[in-house]
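Working notes, structure below.
The values are calculated or read from the model by the stated rules, or taken from the named source; none is laboratory data. Computed from a prediction, not measured in an experiment: that's the story for all the values here. Keep in mind that these areas ignore ligands, DNA and RNA; they rest on the heavy atoms of the full protein, side chains included. Shrake-Rupley method; radii C 1.70, N 1.55, O 1.52, S 1.80 Å.
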Amino acid sequence: SVEVLAALLRRHPDAAAARNNLGRSPLDLLYRAAKRTPGPLPEAERENHAKTALLLRAARGESVLDVPGEDWPVLHASLDVGKACPLPIVYFLLQRHPRHARRTDRRRRLPLHLAAASPRCDRRD
């Protein structure tokens, strides 16, 4: 649940970017679990979105004390954490928040700025 994930991240926020023995981050595992969810279930999608936002906040060193709302720049965060966030999650977030593609963060950067500056922009991901 989102609450359990938040409690774990409050205790160990660095775990958000840690990889297991197969090289998968918690975001990779969340994406794999979401892919196995049958059909479009709005409640499951909301929970996956909340979990993704929490993991991204922790990976960026931000507070995980509360679940960020829809206005939090989750697309920016997904690009800002580098390879810790799998590209399918970036695509999922872009589909869910298309307006965020035109939105700037507090440093006046668009998601495109972050993607262009990222070393992760290769075809192997």
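Of the residues Asp14, Asp80, the one with the largest accessible area comes first in the ranking Asp14, Asp80, computed with a 1.4 Å probe on protein heavy atoms. Length gained on full extension, Arg103 to Asn20: 26.5 nm, using 0.36 nm per residue less the C-alpha separation. The range 1-33 and the range 88-109 have Cα centres spaced 21 Å apart.
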